[in-house]
1. Residue by residue through segment 88-101, note down the ones that are in a loop (DSSP other than H, G, I, E, B) and of a type in the set (V, I, T).
2. Taking segment 41-64, which residues are touching a residue at least 12 places away in the same chain (Cβ under 8 Å), among the hydrophobic types (A, V, I, L, M, F, W, C) and either touching a strand residue (DSSP E or B) at 6+ places or on another chain (Cβ under 7 Å) or closer than 16 Å to C105 by Cβ (or both)?
3. State whether the residues of segment 59-82 include one that is aromatic (F, W, Y), assigned to a helix (DSSP H, G or I) and at pLDDT 95 or above.
4. Take F85 and decide whether it is assigned to a loop (DSSP other than H, G, I, E, B) and free of Cβ contacts under 8 Å to residues at least 12 places away in the same chain.
5. Please go through (1) open to solvent by less than 90 Å² (accessible area, probe 1.4 Å); (2) under 15 Å from D27 (Cα atoms); (3) assigned to a loop (DSSP other than H, G, I, E, B) for N104 and return the number of the only condition it doesn't satisfy.
6. Among the residues of segment 65-89, which ones are open to solvent by less than 70 Å² (accessible area, probe 1.4 Å) and closer than 15 Å to V109 by Cβ?
7. Quick check on segment 17-30. Is at least one of its residues modelled with pLDDT under 95 and not hydrophobic (A, V, I, L, M, F, W, C)?
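The values are calculated or read from the model by the stated rules, or taken from the named source; none is laboratory data. Predicted model, so just to flag it, every value in this text is computed and none were measured. Here Cβ is always computed from backbone atoms with ideal geometry, including for glycine, and neighbour counts include all displayed protein chains. Areas reflect the complete protein model, heavy atoms only, side chains present, ligands, DNA and RNA absent. Shrake-Rupley method; radii C 1.70, N 1.55, O 1.52, S 1.80 Å.
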Amino acid sequence: MKEYHCHCDEVGFNADEAHNIVKECVDGVLGGEDCNQNNINQWTAGIVEESLTYLVKLGKAYKYIVTRAVIQRSVYGFHTANSWFWDTTSDGTCTVRWENRTMNCIVNVFAVAVVL
C-alpha cells in the first residue's frame, strides 16, 4: 500500500485522498478474487479495517464511519442510498464503487470533524 501523508494545511475533508485510500484497500482485498460466500465476511471486515487504519494514519481530526457492501453480481443490479445532515465546510463523504466479473462492492466513508 502506498504511504499517505497528512496535508494539514487543508481545510475540510479531502474526498479524493480518502477515495484513493479506500480504492487501494478494496483492490488489495478483492483484486483477483471470484465471489465466494465463504469469504465475504473476511473480505468485508478486511476492507473496513484496512481503510480505517489508513484514514486514521492521516492524523486528521475526524471521526470516521466506514460502511461496505459486497454482493454477487446479478442482472438485478445493486442500489444504495445515504443521507446526512452536517457541516459541509468541515465534514465530508466519499463513495468507492468497485466491481469485477463476479461481484460488486460499494464502500462509503463518512468523516465528521472533531472540534477541539
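1. Going residue by residue through segment 88-101, those that are in a loop (DSSP other than H, G, I, E, B) are 88-91, 100-101.
Once the filter is applied, which keeps residues that are in a loop (DSSP other than H, G, I, E, B) and of a type in the set (V, I, T), segment 88-101 yields T88, T89.
2. W43, I47, V48, L52, L55, A61
3. The initial filter retains those residues of segment 59-82 that are aromatic (F, W, Y), namely 62, 64, 76, 78.
Checking which are assigned to a helix (DSSP H, G or I) leaves us with none.
Checked segment 59-82: no residue is aromatic (F, W, Y), assigned to a helix (DSSP H, G or I) and at pLDDT 95 or above.
4. When the stated conditions are applied, F85 passes them.
5. Condition (3) is where N104 drops out.
6. Selection gives V66, T67, A69, W86.
7. In the first step, residues of segment 17-30 are kept if they are modelled with pLDDT under 95; the result is none.
No, segment 17-30 contains no residue that is modelled with pLDDT under 95 and not hydrophobic (A, V, I, L, M, F, W, C).
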